Amino acid sequence: MREGLLALAEMHVAGQMKTFRYKKANVEFLKGYPEDLSVLGIKDNSVDVVIANEIINLSPDKRAVFSEIFRVLKPGGELCFSTIVADRRLPATLAEDSALMSAGLAGALYSEDFRRLLRDLGCYDYRTIIKQPVCIYDPDTAEKLGLASFSFRIIRTFKLPLEDICEDYGQVAVYKGTMPGFPDAFPLDDHHLFITNKPMLVCGNSGAMVDDTRFGKHFTVTGDKKVHYGSFDCS
């Protein structure tokens, strides 16, 4: 959304084309705001994957950002993003501190409000790929933040009709080992490691995530949802 960053991105296009041997650029940079992607002409149900790297927590209207992302994603499309999450609701006055805002701390959502926001937009299940504590070393910053603690997370979710808890339908998923870079195993998230050719019991949501998405051609999922066996034991 800033001319300087767009100019910097454009400056690297030629070098990247040379490195990866492209005759023409396979990227396009658009100037706009994540709260309203329609201004950029991005249509409903038109995008396979949205990647956001530590930008959502800087937005003053996160609901609008997530709403726009789910609008433009195709059914089965994936959102993968990194963000900072707080263990409590932060005072609104912190947003006036430019240093805390640029660090992604003042705009961090309380983890339960984050969950509720996605739920309200129809996203009932999201998966954490990485979760790490954010260490505050600066005494002045720590004093401003008080007892609040933060975690850095990489999260993936999908535009799918998922349930709000894991349900057991007796489904089994087998990873074929065919994804580039993942010959031996594929980590869907921090508690689902699919080992190549090894059958793995999955809940209905996990089954959908690897069968009804771009990962589908790399998996064989057996069973349907005709018979329900209760809640799925995620342990």
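Read-outs: derived from the displayed coordinates by stated rules, not from any lab. Keep in mind that what you see is a predicted model, and the values were worked out from it rather than measured. FYI the Cβ positions are ideal-geometry reconstructions off the backbone, even for glycines, and counts take in every protein chain you see.
Of all residues in the stretch 201-221, how many are under 13 Å from D168 (Cα atoms) and touching a strand residue (DSSP E or B) at 6+ places or on another chain (Cβ under 7 Å)? Walk me through how you get there before you give the answer.
Keep residues of the stretch 201-221 that are under 13 Å from D168 (Cα atoms), which gives 201-208.
This time we only want the ones that are touching a strand residue (DSSP E or B) at 6+ places or on another chain (Cβ under 7 Å), so: 201-204, 206-207.
The qualifying residues number 6.
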Filter result (surrounded by 18 or more Cβ atoms within 10 Å (Cβ to Cβ) and in contact (Cβ under 8 Å) with a residue 60 or more places away in the chain) within the stretch 99-151
D125, R127, A148, F150
Out of all the residues in the stretch 4-30, which are more than 22 Å from the chain's Cα centre (by Cα) and outside any helix (DSSP H, G or I)?
H12, R21, Y22, K23, K24, A25, N26
Condition first: among the β-branched types (V, I, T) and surrounded by 12 or more Cβ atoms within 10 Å (Cβ to Cβ). Now tell me which residues in the stretch 40-71 satisfy that.
I42, V47, V49, V50, I55, I56, V65, I69
When residues of the stretch 114-136 are limited to those that are under 16 Å from the mean Cα position of the chain (by Cα) and in a helix (DSSP H, G or I), the one nearest to F70 (Cα to Cα):
L118
Where the second residue is assigned to a loop (DSSP other than H, G, I, E, B) and of a type in the set (K, R) and the first is at negative phi and surrounded by 11 or more Cβ atoms within 10 Å (Cβ to Cβ) and lies in the stretch 13-30, which pairs have Cβ atoms under 8 Å and are six or more apart or on separate chains?
M17/K23; M17/K24
Within the stretch 189-235, residues being of a type outside the set (F, W, Y), part of a strand (DSSP E or B) and in contact with a helix residue (DSSP H, G or I) (Cβ under 7 Å, 6 or more places away or on another chain) number 2
Taking E78 as the residue in question, decide whether it is charged (D, E, K, R) and assigned to a helix (DSSP H, G or I).
no
